[in-house]
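Each remark here refers to the structure printed beneath this line.
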Amino acid sequence: QVQLVESGGGLVQPGGSLTLSCAASESIVSSYVLGWYRQAPGKQRELVATITSTTNTNYEDSVKGRFTISKDNAKPTVYLQMNSLKPEDTAVYYCNVKIRQIWNMVEYWGQGTQVTVSS
């Protein structure tokens, strides 16, 4: 199993910045997709951003131009740099990895980290 440990959440004022980190317990040698999800109170969990093993990225429309997903293959760690934060970004953020196997895929989740954007 791959363990994912998140850090970097906290309280920030609107317009501020935070960077979330998600450290994996081991390197992944096969194809994979890393993602950041978030869940706000009373809302469904939503996908925020993804990055593949070939470093292709995708973003949810509301965070385009403000958030950047990246990864460090050596550590290995996935990051979410969040700029120009808005109150509606307040949520618990979870990292996720989906790993391709020969006939299926496996999925692992981080424990979540709270991001609160408030004045």
Problem - Test: residue in region 62-83 that is assigned to a strand (DSSP E or B), over 14 Å from GLY8 (Cβ atoms) and either open to solvent by 60 Å² or more (accessible area, probe 1.4 Å) or touching a Phe, Trp or Tyr at 6+ places or on another chain (Cβ under 6 Å) (or both) - result: no
Problem - Among residues of region 88-117, those that are touching a residue at least 60 places away in the same chain (Cβ under 8 Å), outside any strand (DSSP E or B) and closer than 29 Å to VAL12 by Cβ, counted - result: 3
Problem - Filtered residue count, region 41-61, keeping only those that are closer than 16 Å to THR90 by Cα, modelled with pLDDT under 95 and open to solvent by less than 60 Å² (accessible area, probe 1.4 Å) - result: 0
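The values are calculated or read from the model by the stated rules, or taken from the named source; none is laboratory data. Remember, it's a predicted structure, so these values are computed and weren't measured experimentally. Every residue, glycine among them, receives a Cβ derived from its backbone with ideal geometry; neighbour counts consider all protein chains shown. The accessibility values were calculated without ligands, DNA or RNA, using every heavy atom of the protein model including side chains. Shrake-Rupley method; radii C 1.70, N 1.55, O 1.52, S 1.80 Å.
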